[in-house]
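Reading through the structure tokens given below for one structure.
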Amino acid sequence: MKAMILAAGRGERLRPLTDHTPKPLLCVRGQPLIVYHLKALRAAGIRHIVINVAHLGSQIEQTLGDGRAWDCQIQWSREPIALETAGGIAQARPLLGETPFVLINADVFTDLDYTQLTDAARALHHTSHLGHLVLVPNPSFHPQGDFSLRGSIVGNLSSTDTHTAADHNSYTYAGLAALSLQLFDGITAGTRAPLAPRLRAAAAQQQLLGSVHTGLWDDVGTLERLHALNGTPP
């Protein structure tokens, strides 16, 4: 099984830090964000990891090298310009093989046991579903949520949905998933394409499974959240 870490983003809301340091190398509690993911993936039994890079990507490559320091094997998918989430995965598809894979957003910080992701990826072999999303209770910075959850089936939220931010069935996508590569059929390598519309389309067809993580999770997308995690003044 392989995993892909999405690490190509510019990190606009973390400027000026990301003017000279790529977001995945920003430190949380004394360690670069992306290193937490390498260790968690390795602890879950994944050795083969694909990482896409664009903005200041050479710094990430120089820091991580081939992955041997974490007992893993890293393959690099280089993007001249960031291709967005689905475009980056389509570009890296030749490196990911044909079986379901684990997907990690480099800029999330969590205590999730990644064996839950490897188990979900294996389970996709035996279903017609295209993915399994980890969802979290809606954080204060995203109160409307992304998806509903009925049992283990992920559904859409929309402006006309009866769910509200207070509805316990409304959740936020955590940037952690197990996905089938079929989800990216039709995207030509080198094409910019976001992931969210494809996830919403799959959810509308009841082709996504989901589970809720109630432990530690944060999207390290702003200076305020980075400082809060590190306990440092803004």
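The values are calculated or read from the model by the stated rules, or taken from the named source; none is laboratory data. Everything numeric here is computed off the predicted structure, so don't read it as measured data. Virtual Cβ from ideal backbone geometry, glycine too; neighbours counted across all protein chains shown.
Observations, loosely collected:
- Some residue of segment 56-65 being aliphatic (A, V, I, L, M), surrounded by fewer than 24 Cβ atoms within 10 Å (Cβ to Cβ) and farther than 26 Å from Thr188 by Cα: no
- Residue under evaluation Ser148, criteria (1) in contact (Cβ under 8 Å) with a residue 60 or more places away in the chain; (2) in contact with a strand residue (DSSP E or B) (Cβ under 9 Å, 6 or more places away or on another chain); (3) of a type in the set (Ser, Thr, Tyr), criterion not met: (1)
- Filtering segment 111-156 to residues that are aromatic (Phe, Trp, Tyr) and either surrounded by 14 or more Cβ atoms within 10 Å (Cβ to Cβ) or modelled with pLDDT of 95 or more (or both) leaves Tyr114, Phe147.
- Looking across segment 1-20, the residues that are free of Cβ contacts under 8 Å to residues at least 60 places away in the same chain and either of a type in the set (Asp, Glu) or not in a loop (DSSP other than H, G, I, E, B) (or both) come down to Glu12, Thr18, Asp19, His20.
- Among the residues of segment 37-60, just one is assigned to a helix (DSSP H, G or I), at pLDDT below 95 and either over 23 Å from Arg15 (Cα atoms) or within 19 Å of the chain's Cα centre (by Cα) (or both), namely Gly57.
- Among strands (runs of 3 or more DSSP E) entirely within segment 94-142, having at least 1 residues that are farther than 23 Å from Cys27 by Cβ singles out 101-105, 131-137.
- Tabulated pairs, segment 21-33, first closer than 16 Å to His55 by Cα, second surrounded by fewer than 20 Cβ atoms within 10 Å (Cβ to Cβ) and among the charged types (D, E, K, R), C-beta under 8 angstrom, 6+ apart or interchain: Lys23/Arg10
- Leu135 being of a type outside the set (Gly, Ala, Ser), closer than 16 Å to Arg42 by Cα and touching a His at 6+ places or on another chain (Cβ under 8 Å): no
- Tallying residues that are assigned to a strand (DSSP E or B) and among the β-branched types (Val, Ile, Thr) within segment 21-36 yields 1.
- Taken over segment 197-234, residues that are surrounded by 13 or more Cβ atoms within 10 Å (Cβ to Cβ), more than 16 Å from the chain's Cα centre (by Cα), under 21 Å from Phe141 (Cα atoms) and not hydroxyl-bearing (Ser, Thr, Tyr) amount to 6.
- Residue check, Ala189 exposed (fewer than 14 other Cβ atoms within 10 Å of the Cβ), in contact (Cβ under 8 Å) with a residue 40 or more places away in the chain and touching a Lys or Arg at 6+ places or on another chain (Cβ under 8 Å): yes
- Looking across segment 214-231, just one residue is in a strand (DSSP E or B) and either of a type in the set (Val, Ile, Thr) or modelled with pLDDT of 95 or more (or both), and that is Trp217.
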